[in-house]
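The values are calculated or read from the model by the stated rules, or taken from the named source; none is laboratory data. What you are looking at is a predicted structure, and each value in this text was computed from that prediction instead of being measured. Cβ atoms come from the backbone with ideal geometry, glycine included; neighbour counts cover every protein chain shown. Surface accessibility is based on the protein's heavy atoms, side chains included, excluding ligands, DNA and RNA. Shrake-Rupley method; radii C 1.70, N 1.55, O 1.52, S 1.80 Å.
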Amino acid sequence: MADSSTSMRLRLPLLCIILEVILIILFGALVEYDHDTHPKEWNKNRTSSTNDYKNEFYYRYPSFQDVHVMIFVGFGFLMTFLQRYGFSSVGFNFLIAAFSLQWATLMQGFFHGMHEGKIHVGVESMINADFCTGAVLISFGAVLGKTSPVQLLVMAIFEVTLFAVNEFILLSILGANDAGGSMTIHTFGAYFGLMVTRVLYRPNLNKSQHRNSSVYHSDLFAMIGTIYLWMFWPSFNSAITHHGDPQHRTAMNTYYSLAACTLSTFAFSALVNPEGKLDMVHIQNAALAGGVAVGTAGEMMLTPFGSMIVGFLAGTISVLGYKYLTPVLESKLKIQDTCGIHNLHGMPGILGAVVGAVTAALASPEVYGEGLQRVFGEVETGQWKPESKGGFQAISLAVTLGMALFGGLVTGFILKLPIYGAPPDTHCFEDGLYWEVPGEEEGHNELHEVATPNEVEKLSS
Amino acid sequence: MADSSTSMRLRLPLLCIILEVILIILFGALVEYDHDTHPKEWNKNRTSSTNDYKNEFYYRYPSFQDVHVMIFVGFGFLMTFLQRYGFSSVGFNFLIAAFSLQWATLMQGFFHGMHEGKIHVGVESMINADFCTGAVLISFGAVLGKTSPVQLLVMAIFEVTLFAVNEFILLSILGANDAGGSMTIHTFGAYFGLMVTRVLYRPNLNKSQHRNSSVYHSDLFAMIGTIYLWMFWPSFNSAITHHGDPQHRTAMNTYYSLAACTLSTFAFSALVNPEGKLDMVHIQNAALAGGVAVGTAGEMMLTPFGSMIVGFLAGTISVLGYKYLTPVLESKLKIQDTCGIHNLHGMPGILGAVVGAVTAALASPEVYGEGLQRVFGEVETGQWKPESKGGFQAISLAVTLGMALFGGLVTGFILKLPIYGAPPDTHCFEDGLYWEVPGEEEGHNELHEVATPNEVEKLSS
Amino acid sequence: MADSSTSMRLRLPLLCIILEVILIILFGALVEYDHDTHPKEWNKNRTSSTNDYKNEFYYRYPSFQDVHVMIFVGFGFLMTFLQRYGFSSVGFNFLIAAFSLQWATLMQGFFHGMHEGKIHVGVESMINADFCTGAVLISFGAVLGKTSPVQLLVMAIFEVTLFAVNEFILLSILGANDAGGSMTIHTFGAYFGLMVTRVLYRPNLNKSQHRNSSVYHSDLFAMIGTIYLWMFWPSFNSAITHHGDPQHRTAMNTYYSLAACTLSTFAFSALVNPEGKLDMVHIQNAALAGGVAVGTAGEMMLTPFGSMIVGFLAGTISVLGYKYLTPVLESKLKIQDTCGIHNLHGMPGILGAVVGAVTAALASPEVYGEGLQRVFGEVETGQWKPESKGGFQAISLAVTLGMALFGGLVTGFILKLPIYGAPPDTHCFEDGLYWEVPGEEEGHNELHEVATPNEVEKLSS
């Protein structure tokens, strides 16, 4: 099935080895243990009363592992819904995530982690690298089934880089709050991916249409991804907030937003179906929109009440998007969005950014007390004004959209070069192109001995 | 397949939206951040030596996430064992859990979390809400495959409410210990569900009997649920015990109980089979009974030795229950218990309550030292006597059984009203009634082109 | 299918019950709560300023749960890749792990946890017991599909015992460092298992060859195992290092090693395939070798740079091992290694031991500062010399190899006795021998009504 034009025999090994060698060299030159991972630094002037539990590890490592599960199991299995693309979904997710987290460590470190020419790494940089990887995996969802692993790696190189630039502009220049990444991760990843898939538009994709759908068991595998994303989203949004109340509050707000989102997802999934039947696509995806939509405001005084309203709205627009907007995007705008990332990450991400701007603009010392500056860092420097803060949040959304669309455009054209072994229109959504695929179950094989219509015809003639 | 009588087109959206709107209004009126999630409270008089690691978040959030996994992945996938009910098992589990945790926050808060008219929420209330949700999901197991999602939501409304009342009586009035919920969660959920399924008895359920069994891969999906429940049960039982030694001890006792339970489960599963073959139903369920059975005594000085004895017994009675008692319950008492919750939660829950009463009655300051009052709170008020404590534990079991059976009876009759779109006897255990179900794998589809006996007949005539 | 010679009707129950009774008696006689789980000890002289967060539970329980997931989900599902052996893979993994962790508690406690004749248990002993269990499960991978559950339990009895002896020699006598168990767990488990499978060599295994391969969905189930092992390996390697910087550093080094390993695995998997197609066997296994290979040096100043080099090498040799060495081992050395544990645990384990020896030999107070003695405990007693330390590490590897090969040899001959109900050559890799196996999916069953070639022939004649 794989002719020389799609063979990964040389392309993939070459790219992987070259990239990893570059990574290793750059890590050797630039990366150092941070204070909490360095034996010399951490134990400087150690006395019997030195408190190891103050090590950042104990504040953040459980959250890191939850985020890690979301990246590798959550995203990976969520995309296994396609009937013949499970190996690629989990496998390529695995490959590009493993690459992206290394590259992100360097790019993010370069932009906001340099100390005397060195990048300091620890559990926080690990979480941030996983976050950046999340954006790449969101974009992967748009082009799922239509790209070679080499294309995906090249996409990751550019997307990670631009992610770090955008993140630097938002967090360091505009001073935006975005702990759970409604803007930096979800909006960015979604619109970047949508633009890439637009540029890579395939007019004849219908030749693979019969494979662009689920089967019974592939939908169950996908639910593994969904449920893990749903459960651990509170950890995702709270993973890099300040210690204490902000981390605690963010996790709780996210928990309530997701619960409300699940109810609106089920409600609207049944409502938009003529027979009132639930659609697995909605349940697998829209139920997660509540996590995306509180990614910015979750650490603020959104309250469980506000979180539930936001979650309910997010689930609603996400289901409606799958039902009514996705077909239009494909037919009118030529955006072929395999996983519907516009509905899960795009619109809910923008909603999250707007909610964040409004919630930030409504902040006051009366409500936050002495905790105000632990959410809005600029309070300490005296530069905090709620209205202008809300404005900067809004500007951040605009910058993110611009960066994502522009970056996706350029990257899309780079990915269009006919050198990456992309699948032909007839073999999209098909593992067999890039994987050794085993036969079906024994039971099936036995069935292959059954007469086919042709044989029957022959016999009966 | 879904005619108007079972259509969820209006019923489900209406109920979901009304419920969520009510929840949002009540949350807006009643729910507030607790001390550890509120920026003002947590940072009051903050100094440089304020210790964020004392925030409840760091003591309990990892346990919370483990419990969360048990509720959504554990219960959800455990019930996917049925051949054509995987979407409903994971999906309805998801829906009713998302609803129940919100409703439980209000009900439990109302009964034991009010502060000046407000319900305070934080990680502990999140764990408690998940616990209450667990009871609903246990009951779900009894009626699995025979109820519409609307019926399940209505059941959850009543069960959560009554759970909170029962929990209040046990913990606040009777002063019972029940950290892991042998009584409040497992006994309550099991007997409530058994009574509901008794009232909903279907004499003609045999019309769906061919779907009331597993297939090879559905049993593997179910094992995902089993293993996660098994692994994280130590976190479940210890999640709301006191900090320090009780949390540590409870986790360890549960770990040993489950290990011993697994061996007795395998032993008796082989023993009761004429050919000595293991039965997946036993492994999937009975191996978990050890966690249920130390839910009350786990925080006490049960010791690993005692835990292992209890676990071994729990696995044994659970397997024997599946083999010999379940058929009798169905034929004589008309209790159709799809998942066998009586064997996994009912009997082991009662065993756990009895073990708890005995272990509490044997407690002494000599053994517990100054830790006594951290297990038995009433020591501080001087009202502690081991024998009477044991008595109150026993009374708590009786109260729980009474509340569960009575509540299940009433709820069962409410669920019997012909307005919820329940599945007909011919379409139980069938996803197709409430879900858009995709075809089988490509391999299968190809096989559909194979001649059917009819065609063969036609051709050969 | 199960004739009397393979029936588990009496053998398995008898063995399980006898073992568990012995375990319970020994636990009753020997096991006690340790300081952090005992109410009396932990609360001795308790004051209002007693800090519960210093309880070992909070340092290690999240890591313990990650390790626990690796043992039960990771190993269990990794081995479900076989088409008709999923029940046995997850189920026997479950059984022998539940037994091994209890037996390991006693054996490890006996060798290095005795306090006045009693074995003290807490979260650290739980982690160590899970570690020891890991070694047994590695060996299980070599004999997968060719052994009865009774044989596996007998193997576990001997392997756990010898593991504890070897661990005692390495850690207590030779003073070796091996936090993540490159030697004690991976090298030991691998070579023990390889020797067992050598002794149990089946010349006629080709009679079951058609079942010794994967199918599409079984490979996806196996990926669940792979991904969980991969994600939580940082927790595995860091679980029992010192608090603070060593735990933090070990987790991070492992994270980078695994990321680099994944890229080399994909690279070489495509490179060694004539069509450039990726092989699931490589992705499922070789991508994990990076975790094995930093099991000894991970806590030292290996740096992310060094970790990535080691990980890259580990992935490379592992893929090459699967491709070129495994067939030779089978044809020339008669080692039938079902899961290829030599490639995942054997060679990477040795690599890890060598890297550990070299890294230890390069240690200096200049680099580690006051943290030196928290990695190399012997610094405190003044007996530390980097070169001799490196030597002791190398000796430890040799001892481990000797113990594993000798122990595997003896255990192999014990397992060869014809009393355990081992599967005949014609029924290896087959769940049906020891499990009640349900039919295929409904869809399939319906297809059974399709005419078979025989019927067609009859009709058309």
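Here are the numbers for this structure:
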| quantity | calculated |
| --- | --- |
| Gyration tensor over alpha-carbon atoms, the stretch B:366-413, equivalent ellipsoid semi-axes in Å | 33, 10, 8 |
| Length-normalised contact order for chain C - Cα pairs under 8 Å, 6+ apart - percent | 22 percent |
| For the stretch A:363-371, 3J(HN,Hα) per residue [Karplus equation, 6.51 cos²θ - 1.76 cosθ + 1.60, θ = phi - 60°, Hz, x = Gly/Pro] | 5, 8, x, 4, 7, 8, x, 6, x |
| Coordinate range along principal axes, alpha carbons of the stretch B:1-68, Å, largest first | 66, 30, 12 |
| Heavy atoms of A:TRP233 accessible to a 1.4 Å probe, total area in Å² rounded to 10 | 10 Å² |
| Value of relative contact order over the stretch C:281-368, rounded to a whole percent, pairs C-alpha under 8 Å and six or more apart | 45 percent |
| Under 5 Å, built H, 5+ apart or other chain: amide partners of C:VAL31 | C:ILE119 |
| Residue-by-residue Karplus 3J(HN,Hα) for the stretch B:287-292, coefficients 6.51, -1.76, 1.60, Hz, glycine and proline x | 5, 8, 4, x, x, 4 |
| Alpha carbon convex hull of the stretch B:206-339, projected area averaged over orientations, nm² | 9.1 nm² |
| Percent breakdown of C-alpha pair distances by 5 Å bin, ordered from the shortest bin, for the stretch A:55-107 | 4, 19, 21, 21, 17, 10, 5, 2, 1, 0 |
| Amide H contacts under 5 Å for B:TRP435, placed H, 5+ residues apart | A:LEU278 |
| From phi via Karplus (6.51, -1.76, 1.60), per-residue ³J(HN,Hα) for the stretch B:224-233 in Hz, x at Gly/Pro | 4, x, 4, 5, 5, 4, 4, 5, 9, 4 |
| Rg/Rh (Cα only; Kirkwood hydrodynamic radius) as it applies to the stretch A:228-282 | 1.19 |
| Hypothetical label at A:LYS118: residues of the stretch A:1-33 whose amide nitrogen lies under 14 Å (7 Å Cα-Cβ projection) | A:27-33 |
| DSSP bridge pairs, the protein assembly as shown: antiparallel proportion in percent, nearest 5 | 45 percent |
| Förster radius 35 Å - calculated FRET efficiency between C:SER388 and C:PHE413 (Cβ-Cβ, nearest 0.05) | 0.40 |
| The stretch A:190-244, Cα convex hull volume normalised per residue, Å³ | 94 Å³ |
| Rounded percent of accessible protein surface that carbon and sulfur make up, the stretch C:17-113, 1.4 Å probe | 61 percent |
| For the stretch B:133-249: Kirkwood Rh in Å [reciprocal of mean 1/r, alpha carbons] | 16.4 Å |
| Cα-projected label distance for B:ILE25 with C:SER172, points at 7 Å along beta-carbon direction, nm | 6.8 nm |
| Distance cut-off 15 Å, percentage of C-alpha pairs in the stretch B:96-185 lying past it | 57 percent |
| Solvent-accessible area, 1.4 Å probe, carbon plus sulfur percent, for the stretch A:152-307 | 62 percent |
| Where the stretch C:78-172 is the region considered: accessible area per residue in Å², 1.4 Å probe | 18 Å² |
| Kirkwood-based Rg to Rh ratio, the stretch A:134-199, C-alpha trace | 1.01 |
| Across the identical copies, how the A:PRO203 labels are spaced - nm, sorted shortest first, 7 Å along Cα→Cβ | 6.7, 6.7 |
| Under 24 Å from B:LYS385, Cα to Cα: lysines that are on another chain or at least 8 residues apart | C:LYS40, C:LYS44 |
| Distance histogram in 10 Å bins (all Cα pairs of the protein assembly as shown, percent per bin) | 2, 9, 18, 24, 23, 16, 7, 1, 0, 0 |
| The stretch B:310-388 - convex hull of alpha carbons, volume per residue in Å³ | 125 Å³ |
| Chain B residue with Cβ closest to the axis mapping B onto C, distance in whole Å | B:PRO62, 3 |
| Size descriptor, Kirkwood hydrodynamic radius, that averages inverse alpha-carbon separations across the stretch A:1-137, Å | 17.3 Å |
| Summed buried accessible area for C+B [probe radius 1.4 Å, Å², rounded to 100] | 7500 Å² |
| Taking all pairs of distinct alpha-carbon atoms in the stretch B:187-283, Kirkwood radius in angstrom | 16.7 Å |
| Dimensions in Å of chain B - Rg and Dmax from alpha carbons | 23.4, 94 |
| Per DSSP, loop GluC sites (Glu not before Pro) in the stretch A:372-435 with at most 12 further Cβ within 10 Å | A:GLU380 |
| Positions from the stretch A:249-269 whose accessible area shrinks by 20 Å² or more when the full protein complex is built, not the chain alone, probe 1.4 Å | A:ARG249, A:ALA251, A:MET252, A:TYR255, A:TYR256, A:ALA259, A:THR262, A:LEU263, A:PHE266, A:ALA267 |
| Distances in nm from A:GLU330 to the matching label points in the other copies, shortest first (labels 7 Å along Cα to Cβ) | 4.3, 4.3 |
| Partner chain coverage, peptide B:282-293 - average Cβ within 10 angstrom | 1 |
| Within 10 Å of each Cβ in C:299-309, the average number of Cβ atoms from other chains | 5 |
| Normalised contact order of the stretch B:287-433, rounded percent, pairs of Cα under 8 Å and 6 or more residues apart | 25 percent |
| Compactness relative to 2.2 N^0.38 Å, alpha carbon Rg of the stretch B:284-346 | 1.24 |
| Restraint check, A:LYS334/A:LYS389; B:LYS332/B:LYS389; B:LYS146/B:LYS332, Cα-Cα greater than 29 Å | A:LYS334/A:LYS389; B:LYS332/B:LYS389 |
